[in-house]
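**Student:** Dropping a structure here in structure tokens format, bear with me for questions.
Please treat every number below as a calculation from the coordinates, not as lab data. Just so it is clear, the structure is predicted and the values come from calculations on it, not from any experiment. FYI the Cβ positions are ideal-geometry reconstructions off the backbone, even for glycines, and counts take in every protein chain you see.
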Amino acid sequence: MTSMLYRCGPHAHPQAPAGEGGHTVRTRRGRRTLAVDIHCHVHVPAVDAMVGTDAIAVAQMQLPPTSDLTTQINMEQQRRELPRLTDPVMRLRDMDYAGIDIQAISPAPPHYHYDKEAWLARDTSRVANDRIAQIVAEHPDRFVGMCTVPLQNPDMAVDELERCAKEHGMRGVEIGTNIAGKELTRAGLEKFFARVEELGILIFMHPIGTTLNARMRDHYFVNTIGHPLESTLAVGYLVHDGYLKRHPGLKICVAHGGGYISHYWGRFDHPWKYRDDCRTQIDRPPSEYLRMLHWDTVTFDRVQLRHQVEAWGAERVMLGTDYPYDMADPDPVGFIDSEGRLSDAERALIKGGNAARLLGLDPVTGRPV
């Protein structure tokens, strides 16, 4: 599957005071704006059982295979963090401690199962999505749901998307960056993207390992280099294969700050001016299509955060944590507040205003509207 299972993140708060509630933390920080986490995962052990594994062993099923040390760390973390991945009560405590009002929860990427038979991926998607819906129903003021769908079968994907939207009121769908090695734009998914656009559902695009595996076995490169590279490739195809041109109403947020492309678009724009092979499907510079996208704040660097805002506007950046893994921001609200060049209005958009708009939430209460 992937090497996206990380060591315990500092924001997982094993030492967080059990009695310290969200209102205490928010009052102490003097916060007056909604904070919505667009990037956080839920693991569903029942899904693992359906594909013949378990919630710990899933950390061994990586794409690509990694070094023994990385594999060991991944499995240790999965064992340690499984309670936070599965228990909403622990999750709520951590949210309060971090000053997060709402999580847009999505199935952990190992639950995609794009490499399985379509019927099995359909069934595992249903189980994962129903668990997400249950958590939201139990805590409607703290969670909003995003689903996973069997993208290897476009008709099944559309059916599950519609079921989750109509039966569970889900506001987002999480997708990978490729379908078992096949590009999103070359897997017959036009119908799926068109339906997502019609329903006004947010796409949250999150990689799972990388198909570019020959040189990424060591040093956790499968994640630190592989994940942003995967997202950059997927976005490149969405732009250059004309999907964003044909579906201008799509709402897409790309995980991990959008990968490399949100900071390196000039290398797309320059050849578009001079080469026919860079403009077969598009009639505007690639960066103009990139302006349709949104990026989360999981970049770990204030300069990069500032650059995102300067390049794309604060209305295109959303708070994300990658909870509860170690590739997570330990203090997402403080990270945004620490960038002194942002205005209060920009901070409010990034912390929760943009997510509320895209997910159809009240910008003050966070409740669905």
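**Student:** Hey, what did the chain get for relative contact order, percent, Cα under 8 Å, at least 6 apart?
**Tutor:** Numbers: 727 pairs, mean separation 80.2, N = 369.
Answer for the chain is 22 percent.
**Student:** For the pair residue 225 and residue 75, what calculated FRET efficiency results from E = 1/(1 + (r/R0)^6), where r is the Cβ-Cβ distance and R0 = 25 Å, to the nearest 0.05?
**Tutor:** On the way: r = 22 Å, r/R0 = 0.86.
E between residue 75 and residue 225, to the nearest 0.05, is 0.70.
**Student:** To make sure I understand, if each residue's beta carbon is the centre and we count other beta carbons within 10 Å, what order do 246, 347 fall in, fewest to most? Working shown, then result.
**Tutor:** Values: 246 13, 347 20.
So the ranking, lowest neighbour count to highest, is 246, 347.
**Student:** Turning to a different aspect of this structure: What is the Cα centroid distance between segment 264-296 and segment 112-171, reported in whole angstrom?
**Tutor:** 32
**Student:** Applying the Karplus parametrisation 6.51 cos²θ - 1.76 cosθ + 1.60 with θ = phi - 60° to the phi angles of segment 287-296, what ³J(HN,Hα) value in whole Hz is obtained for each residue in order, glycine and proline being reported as x?
**Tutor:** Karplus values, whole Hz, x for Gly and Pro: 4, 5, 7, 4, 5, 7, 8, 10, 10, 8.
**Student:** Got a sec? How would 193, 300 order by Cβ neighbour count within 10 Å, fewest to most?
**Tutor:** On the way: 193 22, 300 14.
Ranked by crowding around the Cβ, least crowded first: 300, 193.
**Student:** Counting pairs of Cα atoms in segment 148-299, how many percent are more than 22 Å apart?
**Tutor:** Values: 4714 of 11476 pairs.
Cα-Cα pairs in segment 148-299 separated by more than 22 Å: 41 percent.
**Student:** Of the candidates 107, 154, 271, which one comes out as most mobile in a Gaussian network treatment of the chain with C-alpha springs shorter than 10 Å?
**Tutor:** Of 107, 154, 271, the most mobile in the Gaussian network model is 271.
**Student:** Further, regarding this structure: A 32 angstrom limit on the alpha carbon distance is what I want to check against. Which of 166/273; 116/191; 116/273; 273/351; 116/251 exceed it? Each step should come with its number before you reach the end.
**Tutor:** Values: 166/273 44 Å; 116/191 21 Å; 116/273 41 Å; 273/351 36 Å; 116/251 27 Å.
In this structure, 166/273; 116/273; 273/351 exceed 32 Å between Cα atoms.
**Student:** For residue 186 and residue 364 in one chain, what is 0.36 nm times their gap in residues minus the Cα-Cα distance, to one decimal in nm? Intermediate values should be presented prior to the final figure.
**Tutor:** Details: separation 178, 0.36 × 178 = 64.08 nm, distance 4.03 nm.
Separation in residues times 0.36 nm, less the Cα-Cα distance, equals 60.1 nm.
**Student:** Continuing with this model, one more query. Beyond 35 Å, how much of the Cα-Cα pair distribution for the chain remains, as a whole percent?
**Tutor:** On the way: 11904 of 67896 pairs.
Within the chain, distances greater than 35 Å cover 18 percent of Cα pairs.
**Student:** Might you report the magnitude of the Cβ-based charge dipole of the chain about its Cα centre, with Lys and Arg at +1 and Asp and Glu at -1, to the nearest 20 debye?
**Tutor:** On the way: 42 positive and 48 negative charges, 134 e Å.
Dipole size: approximately 640 debye.
**Student:** Test of the criteria: in segment 117-183, which trypsin sites (Lys or Arg not before Pro) are in a DSSP loop and have at most 16 other Cβ atoms within 10 angstrom of their Cβ?
**Tutor:** The qualifying sites: there are none.
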